[in-house]
Structure formats: structure tokens, C-alpha cells
Amino acid sequence: MARMSTQITARNDLAKARAHAGDFRGAISEFRALVKDCTAAVGADHPQTLDVRANLAAVLGAAGQFARAVAVCEPLLRDQVRVLGPEHDDTSQTRQLLANLRYRTGDTEGAVAELEQLLAALSRTLMPTHDRITKLKREIAFLKR
């Protein structure tokens, strides 16, 4: 199992490198294959599987495939909340990504709703004056205007 995990990590890193080099098609293809392989190797709820799914959503977004990225991100976020909890950093990052993707698809209301949920989750763990809280409040205010 550890060997497969190392192989998945290497393939994950290679797919990220492809995306950074601008080969979104190759990166997306590899991430899709990785989701299947990782799920089979360590299970759907394993943090490594969740991480690969998050990478797929991010690369789809970077490639301008916003609706497809949202379709990957929504069930991922539900799974992360269930498995990791709403305050976990990975969950917060996915919620932030989903808000961005919703905004890019023209769903400003959905983006605001995601940011408000993120603000609520972060407010349980961070001080009200924390930079991330302040930034989220500004983003929400900007989108609501």
C-alpha cells in the first residue's frame, strides 16, 4: 500500500508539473486517471484521494473549464466536510476554490454563499482581526455591491 501511495504521489506531482507547464489536457487526463487509481488503492475518503480530486478541480478551473470544475468541486467539498470537518484547511481551500469557480461561471450569489460559509467556519478558529477573516469580509462586500 505504501508503494502505491508513493506512485500516486509521483503521478500527482507530474500532473501538477504538466499543468504548470500549460499542458492542461495532459494534466486533466492524468488527474482523472489518478482519482480512479487512488480511490481503488486507498479509498474514496482517504486524504490523498481528496487531494487528487482537489487538484483536478483546480486544473479544470485553470484551464477555463469552470462548469466542469464546479461539478468536481461540489461533491468534493461535501466529502471533505464529512471526512475532515468544515474547519479543516483543505476544506477551506476547496470552499474558496468553489466560490471562485462559481463567480467565474456567473453565479455571484453562489460565490457569496460559499464565502459566507467559509467565513463562518474560519470565524470558529481564527480571531476576528485575522487577515484571512478581514479579506473574506471585503470579498463578500465587493460581490454583494
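Descriptive notes on the structure:
- Rounded tilt (10° steps) of 24-42 against the dominant C-alpha axis of the chain: 80 degrees
- Cα long-axis angle, helix 2-20 against the chain (0 to 90 degrees, to the nearest 10): 60 degrees
- Cα centre as origin, Lys/Arg/Asp/Glu Cβ charges: the chain dipole, Debye: 260 debye
- Whole-number percent relative contact order across the chain, with pairs defined as alpha carbons under 8 Å at least 6 apart: 14 percent
- Electrostatic bookkeeping for residue 81 treats Lys and Arg as +1 and Asp and Glu as -1; over the other residues with beta carbon under 10 Å from its beta carbon, the sum is +1.
- Placing a label point 7 Å from the Cα of residue 10 along the Cα-to-Cβ direction, the residues of region 32-56 with a backbone N closer than 19 Å are 32-42, 48-49, 52.
- When the solvent-accessible area of the chain is split by element, carbon and sulfur atoms take up 54 percent of it, the probe being 1.4 Å.
- Helix 66-83 axis, angle to the chain major axis (alpha carbon atoms, nearest 10°): 90 degrees
- Taken per residue, the accessible surface of the chain reaches 55 Å², heavy atoms only and a 1.4 Å probe.
- Over the residues of the chain, the helix contribution to mean residue ellipticity at 222 nm works out to -27000 deg cm²/dmol, using -39500 (n - 2.57) for each DSSP H run of at least 4.
- Calculated SAXS-style log₁₀ I(q)/I(0) at q = 0.13, 0.16, 0.18 Å⁻¹ - the chain, Debye, Cα scatterers: -0.60, -0.87, -1.03
- Relative contact order for region 73-145: 25 percent, from Cα pairs under 8 Å spaced at least 6 residues apart, divided by residue count.
- In range of the label at residue 130: residues from region 66-96 whose backbone nitrogen is under 16 Å from the point 7 Å along Cα→Cβ: 85-96
- Summing +1 for each Lys or Arg and -1 for each Asp or Glu among the other residues whose beta-carbon sits under 14 angstrom from that of residue 69 gives +3.
The values are calculated or read from the model by the stated rules, or taken from the named source; none is laboratory data. Keep in mind it's a predicted model, so treat the numbers as computed, not measured. Reconstructed Cβ throughout: ideal geometry from the backbone, glycine too, with neighbour counts over all protein chains shown. Only protein heavy atoms, including side chains, enter the accessible area calculation; ligands, DNA and RNA are left aside. Shrake-Rupley method; radii C 1.70, N 1.55, O 1.52, S 1.80 Å.
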